[in-house]
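Peer 1: Could you have a look at this structure, given as structure tokens, before my questions?
Since every read-out is calculated from the coordinates, none of them should be taken as a lab result. In this text, all values refer to a predicted model and were calculated from it rather than measured experimentally. Methodologically, a virtual Cβ is constructed for each residue, glycine included, from the backbone with ideal geometry; neighbour enumeration extends over all protein chains shown.
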Amino acid sequence: MCGIIGILSNNLVAERLIDGLSRLEYRGYDSAGIATIWENTIAKRRSEGKLQALKDLLGQKPLQGNVGIGHTRWATHGSPTHQNAHPHATDRVAVVHNGIIENYQLLKNDLLKNGVIFKSETDTEVVVHLIDQALQLGKSPEVAVQETLAKLHGAFALAIIFKDHPDVLIGARRGSPLVLGICENELFLGSDAWALAPWTQKVCYLEEGDVVIMKRSDGFTYTIFNDEAWAPINRPVKHLNLATGAVSKGGYSHFMLKEIFEQPQTLSDTLLSLIDAETQTSRINLPIDFSGEHIRIRLIACGSSYYASLTAKYWFEKYARILCEVDLASEFRYCDPVLGKHDIFIFVSQSGETTDTLAALNLAKAKGCVTLALVNVPESSMTRTADHHILTLAGPEIGVASTKAFTAQLAVLCALALHAAAQRKTIDTVSVHLGELLHVPKLVAQVLQDVSLFDELGLRLSQTRDVLFIGRGTNYPIALEGALKLKEISYIHAEAYAAGELKHGPIALVDKLTPLIAIAPNDAWFEKTSSNIQEVATRGAPIIILTDNPAFTVNCPEFHKILLPKSTPLNACFIYTAAVQCIAYYTALHKGTDVDQPRNLAKSVTVE
Ligand code: F6R
């Protein structure tokens, strides 16, 4: 993961490096650092932990210089210590890196044999020493970088500055995103365009294998090379229109809570972009034909986006009668998948940058399959790569654990399945269901009207070590999502099972100390789910049921019921998602964990 930034300017850069890093902290927050060239030396400031620690350090020890690089780290190689914090540097060169140098150990062994002394445990440091050695042989920064890149395997984005060339900043991209920002008297590098947005919205997205050499001496010019052919290459320059204001918590105690409460609005925005409210017909305008007899939907995603995709399988099969397969992106790309010529690939991603999902997208594209990306971040790698895309209109999601982006994905996927059903004429109730979908924002608002029961439950759950979730149908993936949310932000161990699957093994986990959270809407499977709940209650587990059946009760020593709005099989998953999000949030709140930036996580997963 990690976020990187670089600025080449006539003005001081340190403050803006920090400002840019504050918009990249979603990529990792284990440590942060910046380096500039000042008075003919490479000067660094680095701190363990969040960016605030680096800001405090800079308050005490400011940094001059008008060329610099910065980094916010999600640790891969080497623990999150000061010593392993980027930038890594010798006397001649400093580097920040996002990604993994897969052959670093071999390169390190060679360097060690040649007497190089390493100061960190990182893979990045080999890059620094390789460039340094080339510079010592009198090679130019361009050649030193070119020769070094040829030795590296893996995925990376790099930003590099040179003590003896304070008018040069070099960026390189292979596998990890990197954007060049262009101004008349300044040039920038960033892991995304948002990081650069307050300074410039004129950007150029670097492509695989691109290296950009930026120079101040020639009046802030840049040349892009491709590292295989090393030939200058033109890349399109885009003029973006990104919001530049800081996103605030708006009076909420955490971004996550704000984002949970934003869902009625974000769902409404997303649904109204897909459904004509007056005619209750689909407004989806995609040049994809879903009517073919032999088509198959292939949904590919990771994490919460994978759970949204699992939910969508029920909709595509039930309403559109299309065979639908769902794969984890990290597995799909390495399992030699059979790709059919009638397959329609849908890649679901909040960030649009997840490495595994992006790689799967490239694989499907290379095989000539139809590719559609459902993404929340406009101008992300996936929107630029897929044949077609639909945006989930959730707006910036700052809390690391996905909430409003997840429900927006559900909304798009459900509308898309109904759009496919309309094309295939498999049901004659499409407009009824689209109408039902339009009621979802109101129902979610009802769930959030009074959160006191979630708060009470959160206090109870904050004292537990393990939690089990169950659900059936579309609520099985919601149970998985509920368990993931709880794990992510409260660090409580949680597992989710299809309700009917419990007795095939997991019921052995049931004991008096392990609460069961059952998603039990009053639907066609209600009685079956009730029996599963009873089987657990009989074995002494505390029971928490989320239901819209006011009469439902279970005979057991500890019983909690949260009564939710009346649901239909189509809209239940939205209602129950809001409930499990609140349970996770209040449990974490009572445990006192870092809700918005939980340990070990990052918002955008750009390593395999
Ligand atoms: C969980 C969460 C992650 C992401 C996963 C995929 O709260 O946010 O599980 O869903 O890392 O990320 P995207 O959707 O950006 O591809």
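Peer 1: Using the Cα centre of the chain as origin and beta-carbon charges of +1 (Lys, Arg) and -1 (Asp, Glu), tell me which of Val444, Leu358, Trp38 is placed farthest towards the positive end of the dipole.
Peer 2: Selected residue: Val444.
Peer 1: Between the DSSP loop rule and a limit of at most 14 other Cβ atoms within 10 Å, which trypsin sites (Lys or Arg not before Pro) in region 109-158 are left?
Peer 2: Sites meeting the loop and neighbour criteria: Lys119.
Peer 1: In Å and from the alpha-carbon atoms only, list the Rg and Dmax of region 374-454.
Peer 2: Here Rg and the maximum Cα pair distance are 15.5, 45 Å.
Peer 1: To continue, here is another question. Viscosity 0.890 mPa s, temperature 25 °C: Stokes-Einstein D of region 233-297 from its Kirkwood Cα radius, in µm² per second?
Peer 2: Taking Rh from Cα pairs, D becomes 148 µm²/s.
Peer 1: Provide, in order from the shortest bin, the percent of all Cα-Cα pairs of region 432-475 in each 10 Å bin, continuing until the bin that contains the maximum pair distance.
Peer 2: 20, 31, 36, 12, 2
Peer 1: Right, another one. Show me, bin by bin at 10 Å from 0, the whole-percent P(r) of the chain based on Cα pairs.
Peer 2: Per 10 Å bin, starting at zero, the Cα-Cα P(r) for the chain comes out as 3, 16, 25, 23, 17, 10, 4, 0, 0 percent.
Peer 1: OK, next. In region 500-546, what trypsin sites (Lys or Arg not before Pro) fall in a loop by DSSP, with at most 12 other Cβ atoms inside 10 Å?
Peer 2: Loop-located and lightly packed - Lys512.
Peer 1: So how tilted is helix 572-591 from the main axis of the chain? Cα-based, degrees 0 to 90, rounded to 10.
Peer 2: 60
Peer 1: Return one number: the angle in degrees, 0 to 90 and rounded to the nearest 10, between the long axis of the Cα atoms of helix 526-538 and the longest principal axis of the Cα atoms of the chain.
Peer 2: 80
Peer 1: Eight or more residues apart or on different chains, and alpha-carbon atoms under 21 Å: count the Lys pairs in region 500-608 matching that.
Peer 2: 6
Peer 1: Might you report the magnitude of the Cβ-based charge dipole of region 493-566 about its Cα centre, with Lys and Arg at +1 and Asp and Glu at -1, to the nearest 20 debye?
Peer 2: Roughly 100 debye, rounded to the nearest 20.
Peer 1: Please report, in debye to the nearest 20, how large the charge dipole of the chain is about its Cα centre when each Lys and Arg carries +1 at its beta carbon and each Asp and Glu carries -1 there. Before the final figure, lay out the partial values.
Peer 2: Values: 55 positive and 64 negative charges, 67 e Å.
Result for the chain is approximately 320 debye, rounded to the nearest 20.
Peer 1: If you don't mind, there's one more thing I want to ask. To the nearest 20 debye, what is the magnitude of the charge dipole of region 362-427 about its Cα centre, counting +1 on the Cβ of each Lys and Arg and -1 on the Cβ of each Asp and Glu?
Peer 2: 280
Peer 1: Okay, next question. On alpha-carbon atoms, Rg over Rh for region 351-407 using Kirkwood Rh?
Peer 2: Taking Rh as the inverse mean 1/r over Cα pairs, Rg/Rh reads 0.99.
Peer 1: Summing -39500 (n - 2.57) over the DSSP H runs of n ≥ 4 in the chain and dividing by its residue number, what mean residue ellipticity at 222 nm do you reach, to the nearest 500 deg cm²/dmol? Write out the running numbers ahead of the final one.
Peer 2: Working: 19 runs with 212 residues, N = 608.
The helix-only estimate for the chain comes to -10500 deg cm²/dmol at 222 nm.
Peer 1: With Kirkwood's inverse mean 1/r over C-alpha pairs for Rh, give me the Rg to Rh ratio of region 465-566, two decimals please.
Peer 2: 0.93
Peer 1: Something else now. Give, in nm to one decimal, the length gained when the segment between Arg599 and Cys183 is fully stretched (0.36 nm per residue of separation minus the Cα-Cα distance).
Peer 2: 146.1 nm
Peer 1: Just tell me which lysines come within less than 22 Å, Cα to Cα, of Lys163; anything on the same chain fewer than 8 places away is out.
Peer 2: Lys44, Lys61, Lys119, Lys139, Lys215
Peer 1: Here's another thing I want to ask about it. Set Lys and Arg Cβ to +1 and Asp and Glu Cβ to -1, take the dipole of the chain about its Cα centre, and tell me which of Thr266, Ala520, Trp74 lies farthest positive.
Peer 2: My answer, from the dipole projection, is Ala520.
Peer 1: Using the Cα centre of the chain as origin and beta-carbon charges of +1 (Lys, Arg) and -1 (Asp, Glu), tell me which of Tyr476, Ala159, Tyr252 is placed farthest towards the positive end of the dipole.
Peer 2: Farthest towards the positive end: Tyr252.
Peer 1: What whole-number value in cubic angstrom gives the convex hull volume per residue for the C-alpha atoms of region 27-161? List each step's numbers first, then the result.
Peer 2: Working: hull volume 13.8 nm³, N = 135.
Hull volume normalised by residue count: 103 Å³.
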